[in-house]
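Written below as structure tokens is the structure these notes are about.
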Amino acid sequence: MSYKIPTFRHPNLPKNDLGYTTKDYEGAVSTLCAGCGHDSISAAIIEACFEMSIEPHRVAKLSGIGCSSKTPTYFLGNSHGFNSVHGRMPSVATGANMANRNLLYIGVSGDGDTASIGMGQFVHAVRRNVNMVYICENNGVYGLTKGQDSATTDLGSTSKKGEPNPLEPIDLCSIALQLGATFVANSFSGDKHQLIPIIQAAIAHRGFAFINVISPCVTFNNVPGSTKAYDYIRQHMASTNTVDYVPHAEEITTDYPEGTSENVTMHDGSVISLHKLDTEHDVHSRRSALTMIKDYKAQDKVLTGILFMDEQSKDIHEIMNTTTTPLRNLGISELCPGTEQLEAINELHR
Amino acid sequence: MKRDIVVNKFVIKFANINGTGSASANKLFAKAIFRLGVPISPKNIFPSNIQGLPTWYEVRVNENGFLGRRGGIDIMVAMNPQSMERDIKELDKGGYFIYDNTKGIPPELMRDDIDIIGLPLTDACRKMYDDPRKRQLFRNVMYVGALAALLDMEKEIFHQLISDQFRGKTKLIEPNIQALEAGYNLAKETYNCPISYRIERRDNVGNKILIDGNEACGLGAVYGGATVSAWYPITPSTSVIDNFARYVRKFRMDPETGQKNYAIVQAEDELAAIGMVIGASWNGARAFTATSGPGLSLMNEFLGLAYFAEIPTVLIDVQRAGPSTGMPTRTQQSDVLAAAYASHGDTKHICLYPSTPKECFEYTATAFDLAERFQTPVLVMSDLDLGMNDNMSEPMEWAPDRTYDRGKVHTREDLENLTERYGRYQDVDGDGIPYRTYPGTHPTKGAFFTRGTSKDEFAIYTEIGGKYIENMDRLQKKWKTAANTVPKPIIRKTAKPCTIGVIHYGTSEASTLEALHHLNSLHGISLDSMGIQAFPFSDEVEQFINEHEYVFVVEQNRDAQMRTLLINEFDFEPDRLVPLLHYDGSPITARYIRHEIRDWILQTTTSPRRRSRFY
């Protein structure tokens, strides 16, 4: 682990449409353990935002508490960040989104945050369809407190401590689907070719985009008996689709056999190009997604890819019919009814 | 019984069954007196229940404008057989017991020291109406009509009020007036009206208004520019949000697009509610929540974050009796300490203590200015008595040239022109208050990481002890700055110097001031008083206590919480602060305060010479 990021960069680093290089999307140096899956996810977020030419300062990154929640410091250093309290990121993100609907909200959370202490908040952020990307960096273990099982630890999975977990796990993707999430994906921190375009699709999605990323904990949960270890996931990972994110200006060049690909146009005009690896799956069917997760699990496989999306969904602002101007930009003339109105109200109470 | 005629000075109490529509009839009665120019103070005493349990409505009528609870009942309108036993016992000697004699009073409850007036209301209703629901509803209007006759009130005022109430629903006006007339005539036929208590028209109300504190708080949030409201339903705070919603629907809808210039989110719990407020405030909106004791407890963790990360947060706490669920529909001032020091670690929060609806409005609006100026939580400490009862109040005021104080916020231009590195937690001006920036302001400058963990002045994570202390001491400096910005105490001094003072805050004000008035007029005792308006305490608070040998602290909780707060903040000799406590869930009465103070003075000062110092 290094303590300082070298300032030197290759002079010919590629630039995006804004003239930025990936350096402009980096954050502070990570303090996580070397090899931590979370760092790969941070790198994927950087890459995704760079490729999409997102202005870093138009992003707000939010997190709860835990190893995963430390990571927003390690990407998008030019974005405002908020490391809130354990399990409560969804409410802070919801409030922030209420104040200004024009920023991009990236919430980073872990399995302790999402599946235990903050389960209630996660559930309700899904229900409200808050326009945000919600990434759960799921390692099936409490890292910062040194290795306790979490609520996503699979039945019988053993961590470094050696005791098999006796309880049923919570499958976050299934729960999100049941709650009506409008975008649900499952991925693996070790597969950036899959993860980066999924993050891009999630950013392009309007509404609550949930990505569960299995992200092995090298220190406490990367042992042979663990179902969240690198080796296990590599051996058991199956994909329902491969994903390409195509900005709206570009032409789609990929060419797949008839019936195996689907192009989904997002509300901003970009296109998510899905190449189906399992032709049974319909990415617009919630029921299909839930069945697929179950079927793959029965075969001891971890299903990844975009499991479900509803690109037509209405986000919380559309549901509530709030003004298109960010609420925080409204001034006293729009907000305060004034002296005469108050006198009229007084009169009604006489 | 020979009696003197008493005009415009009495306490009347209605005993009803909740969920039967009695509340609006009782309100009609109270409003009529108010419209006749006579000050009133109604109190709704209701159970934590929707239908079928006893509920009471007490109206103090006092043409001199004493608005606290007096104590004692002169007229009982007993419309609930369930509670008749306690109702008849509660009536003061010489009082009037008005009841529905369709069902008689059990002989063992009869008293010969009161006047009992039986009115066959249910019988009359049965004859007049076929529909059982109408029988129930109009019985309420009928007893109001009967009271108009018994108290010799101008009947026309009721006609006018009924017309106002059903504006737009004209079909309802006539049947209500009919029921009122029927009740009026029934009383005239049954009893030799009027009784010795009378209502006469006066001009003692002036331009005052009759409004509940929660409506005033909700309106204060509208005027204060709140755009985001996140909340979880809890008695007695719910109507703060209901009223906010009602007024923003009126004032904040874009007439062309129908879009809303506000967002109200009903959260999944209080933790989420305050989290949303913090998220929205962090992002530059004015946001608030309203809750009560149990909700405040749930919000504790987040309040510590808001204090430490320096995020404006406005919270309206409509206090009720605790601990735990306590008596959720009864009043208390028992969150004083829980609010002042909410959360773990070294935390303290600005608290405002309104006593009237006008102050509810003013302090809620001001809370947003204070929260943004000091980048910290501000708690408006109302209570059930103030929040859910109609209170007679000075009108709410809003100066035409009033602006919002958005505090220290760097704009894009400010950031562009900064010559030095921006430090989110740097004390640039020496007042302990740093500069914020909102997310999304500038492409390359001003971004920082908000966190609950310790950090240096540039918001960079650090565990270095010295840096932690530096930050905590700056927060302390900010606190001192706040002490002289928050509303000052209201000090009322007697003509000559006196050695005893009385402190009150919030809803203890009216009863305390009345008690002091009568201590003077009845016992010749005159005392100085101070109404505390805010925490942190300004210098005037300390000075007032120092000027007096003994100071009563009047409050509505068991543990003398404000007294504890004063002792803790100032290091006074505890013996000098005498607790005067009331905590049965009902609003404190003037009589109780007067008796407590009088008795204390008599007991403490046995020698006449020594006692004379207090007179």
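Put +1 on the Cβ of every Lys and Arg and -1 on every Asp and Glu Cβ in the protein assembly as shown; which of A:V133, B:G407, B:T238 then has its Cα farthest towards the positive end of the dipole?
So the residue furthest toward the plus end is B:T238.
What percent of all Cα-Cα pairs in the range B:408-487 falls into each 10 Å bin, going from 0 up to the bin containing the maximum distance?
So the P(r) values, bin by bin, are 18, 45, 31, 6.
log10 I(q)/I(0), Debye, Cα-only the range B:256-334, no solvent, q = 0.11, 0.18, 0.20 Å⁻¹?
Calculated log10 I(q)/I(0) at the listed q: -0.34, -0.77, -0.88.
What aspartates and glutamates does B:K445 reach when the alpha-carbon gap must be under 18 Å and sequence neighbours fewer than 8 apart in one chain are set aside?
Hits, sequence-local ones excluded: A:D24, A:E26, A:E55, B:E413, B:D414, B:E416, B:E420, B:D456, B:E457.
How big is the convex hull of the Cα atoms of the range B:211-393, per residue, in Å³?
With only Cα atoms used, the range B:211-393 gives 96 Å³ per residue.
Enumerate the residues in the range B:19-37 having an amide nitrogen under 18 Å from the point lying 7 Å beyond the Cα of B:K103 toward its Cβ.
Residues B:19-22 fall inside that zone.
Using the crude model of +1 on Lys and Arg Cβ and -1 on Asp and Glu Cβ, and no other charge, please compute the dipole size for chain A relative to its Cα centre, in debye to 20.
With only Lys, Arg, Asp and Glu charged at Cβ, the dipole is about 1060 debye.
Could you size up the charge dipole of the protein assembly as shown around its Cα centre, putting +1 on the beta carbon of Lys and Arg and -1 on that of Asp and Glu, and report it in debye to the nearest 20?
Using only the charged Cβ atoms, the result is roughly 2120 debye.
Starting with the fewest neighbours, write out A:H317, A:H38, B:H159 ranked by other beta-carbon atoms found within 10 Å of each beta-carbon.
B:H159, A:H317, A:H38
Relative to the first principal axis of the alpha-carbon coordinates of chain B, what is the inclination of helix B:357-374, with its axis defined by its Cα atoms, in degrees from 0 to 90 and to the nearest 10?
Once rounded, the angle reads 10 degrees.
For helix B:465-483, report the angle its Cα long axis makes with the longest principal axis of the Cα atoms of chain B; keep it between 0 and 90° and round to the nearest 10°.
For helix B:465-483, the angle is close to 40 degrees.
Only bridges whose two residues both fall in the protein assembly as shown count here: according to DSSP, what percent of them are antiparallel, nearest 5?
35 percent
As an exercise, identify the GluC sites (Glu not before Pro) in the range A:263-350 lying in DSSP coil whose Cβ has no more than 15 other Cβ atoms within 10 Å.
A:E280
Report the antiparallel proportion of the DSSP beta bridges in the range A:22-329 as a percent, rounded to a multiple of 5.
40 percent
Over what distance in Å are the Cα centres of the range A:106-144 and the range A:281-350 separated?
Centre-to-centre (Cα) distance: 17 Å.
May I ask you to give the average projected area over all directions of the convex hull of the Cα atoms of the protein assembly as shown, in nm² rounded to one decimal?
47.5 nm²
At 222 nm, what helix-only mean residue ellipticity would chain A give, in deg cm²/dmol to the nearest 500, using -39500 (n - 2.57) for each DSSP H run of four or more?
-8000 deg cm²/dmol
Tell me, in nm to one decimal, what length is gained between A:K23 and A:V218 on full extension, where the rule is 0.36 nm per residue of separation less the Cα-Cα distance?
67.6 nm
If the viscosity is 0.890 mPa s and the temperature 25 °C, what Stokes-Einstein diffusion coefficient in µm²/s follows for the range B:108-248 when Rh is the Kirkwood radius over Cα pairs?
133 µm²/s
For the pair A:N329/B:E420, report the inter-label distance in nm, with labels modelled 7 Å from Cα in the Cβ direction.
3.3 nm
Can you pull the one-decimal nm distance between simple spin-label points at B:N185 and A:N321, each 7 Å off the Cα toward Cβ?
Modelled inter-label distance: 4.8 nm.
How large is the direction-averaged shadow of the alpha-carbon convex hull of chain B, in nm²?
Dividing the Cα hull surface by four gives the mean projection, 32.4 nm².
Relative contact order for chain B: what percent, with Cα pairs under 8 Å and sequence separation of 6 or more?
12 percent
If one takes the longest principal axis of the Cα atoms in chain B, at what angle in degrees, from 0 to 90 and to the nearest 10, does the Cα axis of helix B:238-251 lie?
Helix B:238-251 sits roughly 80 degrees off the main axis of chain B.
Are there GluC sites (Glu not before Pro) in the range B:237-303 that DSSP puts in a loop and that have at most 10 other Cβ atoms within 10 Å, and which ones?
When the GluC sites (Glu not before Pro) of the range B:237-303 are filtered for loop state and at most 10 Cβ neighbours within 10 Å, B:E256 remain.
Can you give the calculated 222 nm mean residue ellipticity of chain B, where each DSSP H run of n ≥ 4 adds -39,500 (n - 2.57) and the sum is split over every residue, rounded to the nearest 500 deg cm²/dmol?
-11500 deg cm²/dmol
Hey, if you put +1 on the Cβ of every Lys and Arg and -1 on every Asp and Glu Cβ in the protein assembly as shown, which of B:W282, A:V271, A:A34 ends up farthest toward the positive end of that dipole?
B:W282
How much length is gained if the chain between B:L172 and B:E569 is pulled fully straight, taking 0.36 nm per residue apart and subtracting their Cα-Cα distance, in nm to one decimal?
137.2 nm
Can you tell which of A:Q299, A:G120, A:A185 lies farthest toward the positive end of the dipole of chain A, using +1 and -1 charges on the Cβ of basic and acidic side chains (Lys, Arg; Asp, Glu)?
Checking the options against the dipole of chain A, the answer is A:G120.
If you average the alpha carbon positions of the range B:312-347 and of the range A:166-241, how far apart do those two centres end up, in angstrom?
42 Å
Counting Lys +1, Arg +1, Asp -1, Glu -1, what net charge surrounds A:G180 among other residues with beta carbon under 14 Å of its beta carbon?
After counting each charged neighbour, the total is +3.
If you wrap a convex hull around the Cα atoms of the range B:6-198, how much volume per residue is inside, in Å³?
Roughly 119 Å³ of hull volume per residue.
Can you tell me how much longer the chain between B:E463 and B:Q160 gets when fully stretched, taken as 0.36 nm per residue apart minus their C-alpha distance, in nm with one decimal?
Here the answer is 102.1 nm.
What is the log10 of I(q)/I(0) for the range B:1-81, computed with the Debye formula using one identical point scatterer on each Cα and no solvent, at q = 0.25 Å⁻¹?
So the normalised log intensities are -1.20.
Where the centre of each part is set by its Cα atoms, how far does the range B:142-172 sit from the range B:384-410, in angstrom?
Going from one Cα centre to the other spans 33 Å.
Can you give the % of DSSP beta bridges in the range B:211-393 that are antiparallel, to the nearest 5?
15 percent
If the range B:490-614 were replaced by its equivalent ellipsoid, with semi-axes equal to the square roots of 5 times the Cα gyration tensor eigenvalues, what would those be, largest first, whole Å?
Working through the eigenvalues yields semi-axes of 21, 17, 14 Å.
Could I have the simple spin-label model distance between B:H517 and A:N16, label points 7 Å from Cα toward Cβ, reported in nm to one decimal?
In this crude spin-label approximation the distance works out to 7.0 nm.
At q = 0.08 Å⁻¹, what is the log10 ratio I(q)/I(0) for chain A, with the Debye formula run over Cα points and no solvent?
-0.40
Read-outs throughout are calculated quantities, based only on the coordinates presented, and are distinct from any laboratory measurement. Only a predicted model underlies this, so the values are computations on that prediction, with no experimental measurement involved. Note that we place each Cβ from the backbone using ideal geometry, even for glycine, and neighbour counts take in every protein chain shown.
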